[in-house]
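Quick note: the coordinates plus some simple rules give every number you see, no bench work behind them. Remember, it's a predicted structure, so these values are computed and weren't measured experimentally. All Cβ positions, even for glycine, are placed from backbone atoms using ideal geometry, and neighbour counts span all protein chains on display.
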Amino acid sequence: MFSTVQDLVFLALWVVTLAVKAFAFVDCIRRPKDAFPAVGRQSKALWLILTGLAAGTGFFPGFTLNIIGLAGVVAALVYLFDVRTKIIDITSRRW
């Protein structure tokens, strides 16, 4: 029984982290290139690479809880809660 519960928790964790990483990557694609330096952050190309690699690792369930997968989650969350919110503030474009 414990194995089944553990597998379900791991599956849920994998799905949630994949969704966060993919959303960050797709959102980064949609934002204007000039907005990134305007808010004092790195270039759009760098954020595309970071969120793209994060989303790429999200497709492999084995990377969910290792250092690469966790680094991808951190990169996606930094983009979503720092860079994205500042870009929204200056562009007034939510989605």
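Expressed as a fraction of 2.2 N^0.38 Å, the rule-of-thumb size for a compact globular protein of N residues, what is the C-alpha radius of gyration of the chain?
That works out to 1.21 for the chain.
Mean separation of Cα pairs under 8 Å and 6+ residues apart, divided by the residue count of the chain: what relative contact order is that in percent?
34 percent
So how much slack lies between residue 90 and residue 4, counting 0.36 nm per residue of separation and subtracting their Cα-Cα distance, in nm?
26.3 nm
Go ahead and run the numbers for FRET between residue 16 and residue 68, Cβ-Cβ distance against an R0 of 22 Å, rounding to 0.05.
Using R0 = 22 Å, I get an efficiency of 0.80.
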